[in-house]
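K.L.:
Below you will find the structure I want to go over with you.
The values are calculated or read from the model by the stated rules, or taken from the named source; none is laboratory data. The structure displayed is predicted, hence computed values, not measured ones. Here the Cβ positions follow ideal geometry from the backbone for every residue, glycine too, while neighbour counts run over all protein chains shown.
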Amino acid sequence: MKQSLLIALAALALTAQTPGDGPRFTADGQLMLPQDYRQWVFLSSGLGMTYGPAASADPAHPLFDNVFVNPSSYRAFLETGHWPDKTMFVLEIRSATGQGSINNAGHYQSELRAIEAEVKDEQRFPQKWSYFGFDGKDRATALGANSSCNTCHGANAAVENTFVQFYPTLLEAAKSKGTLNAAFLKAK
């Protein structure tokens, strides 16, 4: 009886450590694009932001960035101010248009331009976080540890390697939990 209870508790602990909504990899280490990422927690949308490799600096043709995070990681962040292992963000980049239907001013989102991802996997990546560009495919290879994404996130992120400064509700959570990066606070 005691042994079966220990086995059940061990199985429960393994399940808790690997949420079903986190990143999934192929046998050769490629990240699989979650087909349901648009059902994840929507964090924010930016227009014309130029910090990513698929972004455009053309103010006449800005792009929209939509950011989603897996639900279990979002809940954990709200509780602790930290991102748990197996956190995954999906960055969806779309064209902006102002011409269409009854629109007379402003921009709305149109065709998909790129999908990128950020994953925290402490066993898979020595730097803990890695970045991916799907390039129209459903699988992606991790960018190198010295990639511009890793370098920029490491130097400018508000919490760990994530740009929480662009997600108002999460920024407040990080402030209240005291988890903002010292370099971010110093640069403010």
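K.L.:
Does any residue of region 101-108 turn out to be surrounded by fewer than 11 Cβ atoms within 10 Å (Cβ to Cβ), under 28 Å from residue 78 (Cβ atoms) and of a type outside the set (D, E, K, R)?
P.N.:
Within region 101-108, not a single residue is surrounded by fewer than 11 Cβ atoms within 10 Å (Cβ to Cβ), under 28 Å from residue 78 (Cβ atoms) and of a type outside the set (D, E, K, R).
K.L.:
Kindly indicate which of 118, 122, 172 is within 19 Å of residue 74 (Cβ to Cβ), part of a loop (DSSP other than H, G, I, E, B) and not polar (S, T, N, Q).
P.N.:
122
K.L.:
Moving on to the next point. Looking only at residues that are assigned to a strand (DSSP E or B) and in contact (Cβ under 8 Å) with a residue 40 or more places away in the chain in region 73-100, which one is surrounded by the fewest Cβ atoms within 10 Å (Cβ to Cβ)?
P.N.:
Keep residues of region 73-100 that are assigned to a strand (DSSP E or B), which gives 88-97.
Add one more test, that the residue is in contact (Cβ under 8 Å) with a residue 40 or more places away in the chain, and what stays is 88-90, 92-93, 96.
Numbers: 88: 25, 89: 23, 90: 21, 92: 20, 93: 21, 96: 17.
Here the residue is 96.
K.L.:
Further question: Any idea which residue in region 137-150 is nearest to residue 50 (Cα to Cα), counting only those that are at pLDDT below 95 and either in a loop (DSSP other than H, G, I, E, B) or aliphatic (A, V, I, L, M) (or both)?
P.N.:
147
K.L.:
Residue by residue through region 121-177, note down the ones that are closer than 20 Å to residue 32 by Cβ and of a type in the set (A, V, I, L, M, F, W, C).
P.N.:
Answer for region 121-177, where residues must be closer than 20 Å to residue 32 by Cβ and of a type in the set (A, V, I, L, M, F, W, C): 125, 129, 132, 134, 140, 142, 143, 149.
K.L.:
Taking the residues in region 152-184 that are free of Cβ contacts under 8 Å to residues at least 40 places away in the same chain and of a type in the set (A, V, I, L, M) as candidates, determine which candidate is nearest to residue 43 (Cα to Cα).
P.N.:
Once the filter is applied, the top-ranked residue is 164.
K.L.:
For residue 136, which of the numbered conditions (1) under 25 Å from residue 174 (Cα atoms); (2) surrounded by fewer than 18 Cβ atoms within 10 Å (Cβ to Cβ) fails to hold?
P.N.:
(1)
K.L.:
Also, quick follow-up: Return yes or no: is residue 186 among the basic types (Lys, Arg), out of contact with any strand residue (DSSP E or B) (no Cβ under 6 Å at 6 or more places or on another chain) and either modelled with pLDDT of 95 or more or in a loop (DSSP other than H, G, I, E, B) (or both)?
P.N.:
Against the criterion (among the basic types (Lys, Arg), out of contact with any strand residue (DSSP E or B) (no Cβ under 6 Å at 6 or more places or on another chain) and either modelled with pLDDT of 95 or more or in a loop (DSSP other than H, G, I, E, B) (or both)), residue 186 does not qualify.
K.L.:
Tell me which residues, restricted to region 109-133, are of a type in the set (A, V, I, L, M, F, W, C) and buried (at least 17 other Cβ atoms within 10 Å of the Cβ).
P.N.:
Once the filter is applied, which keeps residues that are of a type in the set (A, V, I, L, M, F, W, C) and buried (at least 17 other Cβ atoms within 10 Å of the Cβ), region 109-133 yields 114, 115, 117, 119, 129, 132.
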